[in-house]
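Chemist: Here it is, the structure, as structure tokens.
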Number of protein chains: 2
Amino acid sequence: MNTSKDFINTGLRGIAVASTKISDVRGDEGKLIYRGYLIQDLATNASFEEVVYLLLHEKLPDPEALSAFRGHLARERGLPSGVLDALRTFPADAMPMDVLQAGVSMLAPYDPDIRSLSHDAAVEMAVRLIAKTASLVAAWHRIRGGEAPLEPDETLGHAANFLYMLFGSRPDSETAGFMDSCLVLHAEHSFNASTFAAREVASTRAHMYAAASAAVGSLSGELHGSANVRVMEMLLKIGEPANVAAYVDRELDAGRLIMGLGHAVYKTDDPRSFILSPMARRMGERAGGTKWYDMAKQLEVLGKEGFRKRKGRDIFVNVDFYSAPLYYAMGIPVDLFSSVFAVSRIAGWCAHILEEHFALAAPKPVLYRPESDYVGDYCGPAECAFIPIEKR
Amino acid sequence: MNTSKDFINTGLRGIAVASTKISDVRGDEGKLIYRGYLIQDLATNASFEEVVYLLLHEKLPDPEALSAFRGHLARERGLPSGVLDALRTFPADAMPMDVLQAGVSMLAPYDPDIRSLSHDAAVEMAVRLIAKTASLVAAWHRIRGGEAPLEPDETLGHAANFLYMLFGSRPDSETAGFMDSCLVLHAEHSFNASTFAAREVASTRAHMYAAASAAVGSLSGELHGSANVRVMEMLLKIGEPANVAAYVDRELDAGRLIMGLGHAVYKTDDPRSFILSPMARRMGERAGGTKWYDMAKQLEVLGKEGFRKRKGRDIFVNVDFYSAPLYYAMGIPVDLFSSVFAVSRIAGWCAHILEEHFALAAPKPVLYRPESDYVGDYCGPAECAFIPIEKR
């Protein structure tokens, strides 16, 4: 086999590894599209359940289908008691993403379809996994705080029930609606690192839970899903609006980036940031003050100006920039921000795992098995001679 | 960004995605090389502990270093009681690879270095994880069988202790030596699917447990680590030597492959199969008969002949072909074969995660973030118009 070394150590930037019908990120135009629909339209008009249906079933539901699907998702929210018992064994200071990665794997043996290979069974598994991921995040947060996990409330929508299971009180409709929009906005983003991990694992024909658990692991990395955690930590560290300008100058002068500015794909502000920003301001107002939102806004303006002045080109706001102050104003603990991301993105992962397992059109996906370039030692022209231990 | 579509849906075959100093697979020559050393030399002369040292520390240990390293690995075998409690919550029919994937994630919160970013801490984590992976596999097997998990025996080597914790009796030196060779042979194989999954997850700066858990998920797929399970299931299904010829004809005539024949990388018999084959025969003799080994041998001969006759080209034996009858003769349950693979490959995964996190030479590894090609609907030249639910 001839091996191409043209793309070595580039993280596969610019290499289309697969065809997909799930989403399109048109970075130059600042467009994010789920199955043909603009993210702005979906965030404004569709619920998370509607978007999950779209992602899994490849079309928007009619009212009857949506009602049935809402009921289906709601009935699947409960966690097996064995999984709750296992969560109770974790140390209270365990990182929520570690618990979630384990939790997704732990759900597998309880799924009655786990050994099935049919498409219908896989969609059932996806519905269960999407429903239960929110419950896992909420249950762990309560368990680590010494509180009993709550039973889901089937009368609530997915976003409202998640907030209820997390905080123990039913959210007002505005807060639930904001969370619902956040779940819609984060549900899918093409072949990002976690989704690629899910597809990579699924390509071996590993089942949905194995692949989704891997995706949680990938999302836990600070270059990916915990970027919103880093944004909030930065805002907290800056502390006061008066400190923003000096912070921006110091970071940019040192050649560092401002967290939440810059994106690998968009050459515009992230289309999701325009929807998140006003929600962050409004939740701030309701939470007693818009300080963190205001600081983020100031940071955006000064960060963009400073970057342009130093580099002669523009830098743009990414999705993590305003989700951080928004989640913070909602009262979500900072160390759960990545988990909230997963509560949403699990929908996209499941759609991609289904596509990896069942795409029928040729060319079919095949096991990911890249090459590498060995640059290690050879001790000369041939292999190293093995030296027995007694002679070393 | 210009996107190359030259490699779409090819599973990255023939694309070198990264430079590595860990191993080299020279498929045309039938050579597998760990850090400069031929697999044959290592399997014949070096213990698993020695090979783990080589993989993690980039050189073979001297006697003193090896002795210290053996002690270090042996002392890290114990599982936190919380993890054992969590394993006891799993249903007894849970698939061992699901339990192992969860188990690797569950270890993370107990690692005192989990929040550390230093290279030294990462090597410590690797030692702990390699030591404990064997214990996880053995503990789960005993728990599912209603038996108490055993404490590790620090006086035994890694392979012997694994068999002891699995079966409850200390293995004779020949059996322990065979398991040791198996662990050496399976420890590393470049950018296969599970290792690539580990690196992909690690590329987000996710920690070692998150990345290794993802690799377990990838290995669980039937196109990857459970191929040795499929080989043994095939042998058991054929049942008797007299049925082999008819089985080969039927499968090849139907255009199907014989499990264990064929490999994506080698253009020769897998170099590891030459070492596994005599061990499989010998363990068969000791276990009361070489029936399964003999059938495998017959299947190899007839499968190769039949393939050549029908296709005009050669097909080769892969690593899973003789590991299956070998593990079976050792008394390892068939559904644990992939887990035994993981007990070994965890060493390679850890080496790759270290390389992904700490490779200092430019070009440095970067987050894997490939492109895809959207082939879904657009409902016309622009995006689909969103239709409100009441009008659907």
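The values are calculated or read from the model by the stated rules, or taken from the named source; none is laboratory data. What you are looking at is a predicted structure, and each value in this text was computed from that prediction instead of being measured. Ideal geometry is used to build each Cβ from the backbone, glycine not excepted, and the neighbour counts take in all protein chains shown. The area values use the complete protein model at the heavy-atom level, side chains included, leaving out ligands, DNA and RNA. Shrake-Rupley method; radii C 1.70, N 1.55, O 1.52, S 1.80 Å.
Chemist: Determine which member of the set B:312, B:262, B:288 is closer than 19 Å to residue B:233 by Cα and surrounded by fewer than 18 Cβ atoms within 10 Å (Cβ to Cβ).
Modeler: Details: B:312 fails: closer than 19 Å to residue B:233 by Cα; B:288 fails: closer than 19 Å to residue B:233 by Cα.
Just a single option satisfies the conditions, and that option is B:262.
Chemist: When the residues of the range A:96-124 are narrowed to those that are more than 9 Å from chain B (Cβ to nearest Cβ) and assigned to a loop (DSSP other than H, G, I, E, B), which ends up least open to solvent (accessible area, probe 1.4 Å)?
Modeler: A:111
Chemist: Before we move on, is residue A:83 without any contact (Cβ under 8 Å) to a residue 60 or more places away in the chain, within 18 Å of the chain's Cα centre (by Cα), at the interface with another protein chain (Cβ under 9 Å from one of its Cβ atoms) and under 29 Å from residue B:223 (Cα atoms)? Reasoning before the result, please.
Modeler: Values: without any contact (Cβ under 8 Å) to a residue 60 or more places away in the chain: yes; within 18 Å of the chain's Cα centre (by Cα): no; at the interface with another protein chain (Cβ under 9 Å from one of its Cβ atoms): yes; under 29 Å from residue B:223 (Cα atoms): yes.
No, not satisfied.
Chemist: Among the helices (runs of 4 or more DSSP H) contained in the range A:134-208, which hold 1 or more residues that are open to solvent by 10 Å² or more (accessible area, probe 1.4 Å)? Explain how you work it out, then say what you get.
Modeler: Values: elements: A:158-167, A:173-186, A:193-202.
The helices (runs of 4 or more DSSP H) meeting that bar are A:158-167, A:173-186.
Chemist: Could you tell me whether the range B:242-253 includes any residue that is more than 30 Å from residue B:350 (Cβ to Cβ) and open to solvent by less than 10 Å² (accessible area, probe 1.4 Å)?
Modeler: Initial filter on the range B:242-253 (more than 30 Å from residue B:350 (Cβ to Cβ)): B:242-253.
Restricting the remaining residues to those that are open to solvent by less than 10 Å² (accessible area, probe 1.4 Å) gives B:244, B:248.
Yes, because at least one residue in the range B:242-253 is more than 30 Å from residue B:350 (Cβ to Cβ) and open to solvent by less than 10 Å² (accessible area, probe 1.4 Å).
Chemist: (1) open to solvent by 10 Å² or more (accessible area, probe 1.4 Å); (2) within 28 Å of residue B:205 (Cβ to Cβ); (3) not small (Gly, Ala, Ser): which one isn't true of residue A:76, the others all being true?
Modeler: (2)
Chemist: Do we find that residue A:88 is outside the structural domain of residue A:139 (by TED's automatic domain parsing), under 30 Å from residue B:208 (Cβ atoms) and basic (Lys, Arg) in this structure?
Modeler: Working: outside the structural domain of residue A:139 (by TED's automatic domain parsing): no; under 30 Å from residue B:208 (Cβ atoms): yes; basic (Lys, Arg): yes.
Criteria not met by residue A:88.
Residue-wise test of (1) farther than 19 Å from residue B:293 by Cα; (2) within 17 Å of the chain's Cα centre (by Cα); (3) within 12 Å of another protein chain (Cβ to nearest Cβ).
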| position | (1), (2), (3) |
| --- | --- |
| B:310 | yes, no, no |
| B:333 | no, yes, no |
| B:344 | yes, yes, no |
| B:354 | yes, no, no |
| B:370 | yes, no, yes |
| B:373 | yes, no, yes |
| B:385 | yes, no, yes |
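Chemist: Please indicate, with yes or no, whether at least one residue in the range A:137-145 is within 20 Å of residue A:214 (Cα to Cα), touching a residue at least 12 places away in the same chain (Cβ under 8 Å) and of a type in the set (Lys, Arg).
Modeler: Looking for residues that are within 20 Å of residue A:214 (Cα to Cα), touching a residue at least 12 places away in the same chain (Cβ under 8 Å) and of a type in the set (Lys, Arg), one finds none in the range A:137-145, hence no.
Chemist: Which condition number in (1) surrounded by 24 or more Cβ atoms within 10 Å (Cβ to Cβ); (2) more than 22 Å from the chain's Cα centre (by Cα) is the one that residue A:281 fails?
Modeler: Among (1) surrounded by 24 or more Cβ atoms within 10 Å (Cβ to Cβ); (2) more than 22 Å from the chain's Cα centre (by Cα), the lone unmet condition for residue A:281 is (1).
Chemist: Within the range B:25-32, is even one residue at the interface with chain A (Cβ under 7 Å from one of its Cβ atoms) and open to solvent by less than 30 Å² (accessible area, probe 1.4 Å)? Can you show your working first?
Modeler: Of the range B:25-32, the ones at the interface with chain A (Cβ under 7 Å from one of its Cβ atoms) are none.
No, the conditions are met nowhere in the range B:25-32.
Chemist: Give the residues of the range A:33-57 that are more than 10 Å from chain B (Cβ to nearest Cβ), under 15 Å from residue B:389 (Cβ atoms), out of contact with any Ser or Thr (no Cβ under 8 Å at 6 or more places or on another chain) and open to solvent by less than 10 Å² (accessible area, probe 1.4 Å), sorted by residue number.
Modeler: Answer for the range A:33-57, where residues must be more than 10 Å from chain B (Cβ to nearest Cβ), under 15 Å from residue B:389 (Cβ atoms), out of contact with any Ser or Thr (no Cβ under 8 Å at 6 or more places or on another chain) and open to solvent by less than 10 Å² (accessible area, probe 1.4 Å): A:49, A:51, A:52, A:54.
Chemist: Here is a check on your reading of the model: is residue A:44 among the hydroxyl-bearing types (Ser, Thr, Tyr) and touching a residue at least 60 places away in the same chain (Cβ under 8 Å)?
Modeler: yes
Chemist: Could you pull out every one of the helices (runs of 4 or more DSSP H) wholly within the range A:22-95 that has 1 or more residues that are more than 30 Å from residue B:107 (Cβ to Cβ)?
Modeler: Numbers: elements: A:39-45, A:48-57, A:63-75, A:81-87.
Where helices (runs of 4 or more DSSP H) fall fully within the range A:22-95 and carry at least 1 residues being more than 30 Å from residue B:107 (Cβ to Cβ), they are A:39-45, A:48-57, A:63-75.
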